[in-house]
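Heads up: the structure comes next, in structure tokens.
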Amino acid sequence: MPGTPYIPESAMAIVAHPDDIEFSCAGTTARWAKSGARICYVLITSGDGGIADPSISKEDAMKIREEESRRAAEVAGVKDVVFLRVTDGMVEATMELRRRLVREIRRFKPEVIIAGDPTVFFPSDTYINHPDHRAAATAAIDAAFPATGQPHVFQELEREGLKAHKPRKVYISVWDDKANTYVDISETMETKLEALRAHKSQMMDWDPGEEMTKWARETAKGKEMEYAEAFKVITLESDEDWELSKGDPVKIYEAREKRRKEKEAKQDA
Ligand SMILES: [Zn+2]
């Protein structure tokens with residue numbers, strides 16, 4: 001593999017349900033955490049609709065699934081887990097949800113935001129993508145750009161001391177054909193499986209090992225890695241601007257202004 005792999009200083013994964021990260025991108029978050037990155041998981045629902053046992057109340061289901069989520073995060077070396085507790089099955093990409101996500105982004109100031117793909121409706125012949133997944137992905141992307149990076153948007157958050165923060169990159173977790181980036185998870189494949197197994201209430205008698213490794217191996221095909229996760233990466237800030245600003249939009253503005261003036265001065269000379 002040519003070059004050093006990209007490891008951000010920090011990343012925030014925003015998803016609908018407690019196990020969505022483990023199914024999609026936990027190999028990547030575990031790898032980054034292992035390399036010293038700060039990672040935060042934002043779970044929009046606590047998966048309170050995901051347990052079918054009628055003897056378990058909705059409130060208890062929420063407690064069980066939050067506990068499983070904390071355990072899964074811990075396995076991956078992730079310390080920060082935020083639960084927004086929107087009702088499972090009822091996620092909508094509203095302005096209120098965008099504001100709540102912007103609040104978390106401005107608090108944690110991630111270099112990378114990881115989200116799902118809001119355009120996926122029919123990923124296979126036997127599955128319709130959960131509407132919560134689409135809504136959560138839309139809300140996350142709309143929070144990541146441009147809202148969180150604009151000082152005049154959600155000014156009430158600025159007044160709370162949560163200043164605008166523009167992430168460097170957005171990683172959209174995708175099925176193969178849209179991907180432009182493959183993260184080598186060979187070293188963290190086992191961690192990903194262990195994190196997934198932490199969601200005991202969802203696994204029941206199914207062990208994810210065989211299917212998940214097969215999927216990760218297929219994703220890695222032809223990429224000189226054994227296991228991979230696929231992403232469509234959108235780079236919002238150039239390397240140069242990121243070095244200057246670390247996400248502060250005012251610093252980006254000032255740097256661009258400076259470059260413009262220097263150019264003008266050169267033309268005048
Ligand atoms: Zn889900």
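The values are calculated or read from the model by the stated rules, or taken from the named source; none is laboratory data. Because the structure is a prediction, the values reported are computed rather than measured. Cβ: placed from backbone, ideal geometry, glycine included. Neighbour counts: every protein chain shown.
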* To do: Report yes if some residue within region 145-153 is closer than 20 Å to SER245 by Cα, touching a residue at least 60 places away in the same chain (Cβ under 8 Å) and touching a strand residue (DSSP E or B) at 6+ places or on another chain (Cβ under 8 Å); otherwise report no.
  => yes
* ILE14 vs. criteria away from the ligand (no atom under 16 Å from the Cβ) and either part of a strand (DSSP E or B) or over 27 Å from THR138 (Cβ atoms) (or both) -> no
* Just give me the residues in region 206-246 being in contact with a Pro (Cβ under 9 Å, 6 or more places away or on another chain) and either modelled with pLDDT of 95 or more or of a type in the set (Val, Ile, Thr) (or both), in sequence order. => LEU236
* Asked: How many residues does region 101-160 contain that are over 16 Å from VAL233 (Cα atoms), surrounded by fewer than 20 Cβ atoms within 10 Å (Cβ to Cβ), of a type in the set (Val, Ile, Thr) and away from the ligand (no atom under 15 Å from the Cβ)?
  -> 2
* Structure fact -> Exception for SER173 within (1) more than 15 Å from the ligand (Cβ to nearest atom); (2) surrounded by 21 or more Cβ atoms within 10 Å (Cβ to Cβ) falls at (1)
* Structure fact -> Within region 83-134, residues out of contact with any helix residue (DSSP H, G or I) (no Cβ under 6 Å at 6 or more places or on another chain), outside any loop (DSSP other than H, G, I, E, B) and of a type in the set (Val, Ile, Thr) come out as VAL86, VAL112, ILE114
